[in-house]
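Student: The structure that follows is given in the form of structure tokens.
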Amino acid sequence: MKRGQDYMENIPIHQGNSNSAKIAFMVNVAWGNEYLEDLLMILKEYQIHLTFFLEGRWVENYSQYALMIKLAGHEIGNHAYSHPNMITLSIEDIKNEITNTNDVIEKHLKIKPAFFTPPFGYFDQRVLETAMKENMKTILWTLDTLDWKIEDHHEVINRIVPRLKNGSIILMHPTKSSLAALPFILNHAAESRLKVCTISELLSS
């Protein structure tokens, strides 16, 4: 078992500082291209930047969309290469899922992600340690929109708005329901004086 600071750094992060009036959205992208441009337009209108966790295979297939996200000023994270359940993999395959995605992102976007989020939120100590060896923090979430299965955007709003608080990390995907719900959530955040920011800004507070 790790001790001291090394051990603390090897715990996944699921929220920011509860004393800071900031929240962050993490957008996991392995599909949903048809909603991406509209999502980016909403974020531009609200003048905010989010953290997009990109699947490596998706970046290879749709590098133009990945570049669009980067050029809009959003932060880029690693969402594994082929969206597997990481805890079913060997250590070698865990490393490949993370490093291959970093390689693809570096190739197309010229950046190295500082954050990793495991598909489905499934992880074990091997996953955390592998990410840490790549100088990456593992990110989970405080609130989940469940937008991949909830079609009614009012349900998404009702899942998120009453629970928003300082330091919240909200998981979403580029879906029709989140696209419709997002302006309502952002307006509520503004009324509550919660600043929407990237994961890196949230964690620096």
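Here, each number is a calculation from the coordinates, and none is a lab measurement. Fair warning: this is a prediction, and the values are worked out from it, not measured in the lab. Glycine gets a Cβ as well: all are built from the backbone with ideal geometry, and neighbour counts include every protein chain shown.
Student: I need the fraction of alpha carbon pairs in the chain separated by more than 22 Å, rounded to a whole percent. Intermediate values should be presented prior to the final figure.
Tutor: Details: 9661 of 20910 pairs.
Pairs farther apart than 22 Å: 46 percent.
Student: What is the spin-label model distance, in nm, from residue 87 to residue 132 if the labels are put 7 Å beyond Cα along the C-beta direction?
Tutor: That separation, rounded to one decimal, is 1.8 nm.
Student: Which of rounded, prolate or oblate describes the stretch 54-160 when judged by the alpha-carbon gyration tensor and an a/c cut-off of 1.5? Walk me through the numbers on the way to the answer.
Tutor: Values: a/c = 1.91, a/b = 1.20, b/c = 1.59.
It comes out oblate by the Cα gyration axes.
Student: Could you tell me what percent of the DSSP beta bridges with both partners in the chain are antiparallel, to the nearest 5?
Tutor: Values: 1 of 22 bridges.
Approximately 5 percent, going by the DSSP bridge assignments.
Student: For the stretch 156-202, just the Cα set please: Rg and Dmax, both in angstrom.
Tutor: When restricted to Cα atoms, the stretch 156-202 yields Rg and Dmax of 10.5, 27 Å.
Student: How much net charge surrounds residue 84 when only other residues with a Cβ under 9 Å from its Cβ are counted (Lys, Arg +1; Asp, Glu -1)?
Tutor: Details: positive: none; negative: 93, 97.
Neighbour charge sum, excluding residue 84 itself: -2.
Student: Also, I was wondering about something else. Distance in nm between label sites at residue 192 and residue 120, each 7 Å beyond Cα in the beta-carbon direction?
Tutor: If labels sit at residue 192 and residue 120, their model points lie 3.0 nm apart.
Student: Mind scanning 137/176; 22/137; 44/176; 107/133; 110/137 and naming the pairs with a C-alpha gap bigger than 26 Å? Intermediate values should be presented prior to the final figure.
Tutor: Details: 137/176 29 Å; 22/137 19 Å; 44/176 18 Å; 107/133 20 Å; 110/137 19 Å.
Table pairs above 26 Å Cα-Cα are 137/176.
Student: With each run of n ≥ 4 DSSP H residues scored as -39500 (n - 2.57), what mean residue ellipticity at 222 nm is computed for the chain after dividing by its residue count and rounding to the nearest 500 deg cm²/dmol?
Tutor: Details: 9 runs with 93 residues, N = 205.
Dividing the helical sum by the residues of the chain leaves -13500 deg cm²/dmol.
Student: Compute, for the chain, the length of the dipole vector about the Cα centre, with Cβ point charges of +1 (Lys, Arg) and -1 (Asp, Glu) only. Units Debye, rounded to 20.
Tutor: On the way: 20 positive and 24 negative charges, 123 e Å.
For this selection, approximately 580 debye.
Student: On to the next question. Go ahead and set up a Gaussian network model of the chain, Cα springs under 10 Å, then flag whichever of 23, 185, 169 fluctuates most.
Tutor: Checking each option, the largest mean-square fluctuation is seen for 185.
Student: While we're looking at this one, here's another question. Tell me, what HN-Hα J-couplings in whole Hz come from the Karplus equation 6.51 cos²θ - 1.76 cosθ + 1.60 at θ = phi - 60° for each residue of the stretch 159-170, using x for Gly and Pro?
Tutor: Taking θ as phi minus 60°, the curve returns 6, 9, 4, x, 9, 4, 8, 3, x, 5, 10, 10 Hz for the stretch 159-170.
Student: Another question, then. Specify the angular offset, from 0 to 90 degrees and rounded to the nearest 10, of the alpha carbon long axis of helix 176-191 from the longest principal axis of the alpha carbons in the chain.
Tutor: 70 degrees
Student: Which three lengths, in whole Å and largest first, does the stretch 1-105 cover when its Cα atoms are put on their principal axes?
Tutor: Each principal axis gives a Cα extent; for the stretch 1-105 these are 47, 39, 19 Å.
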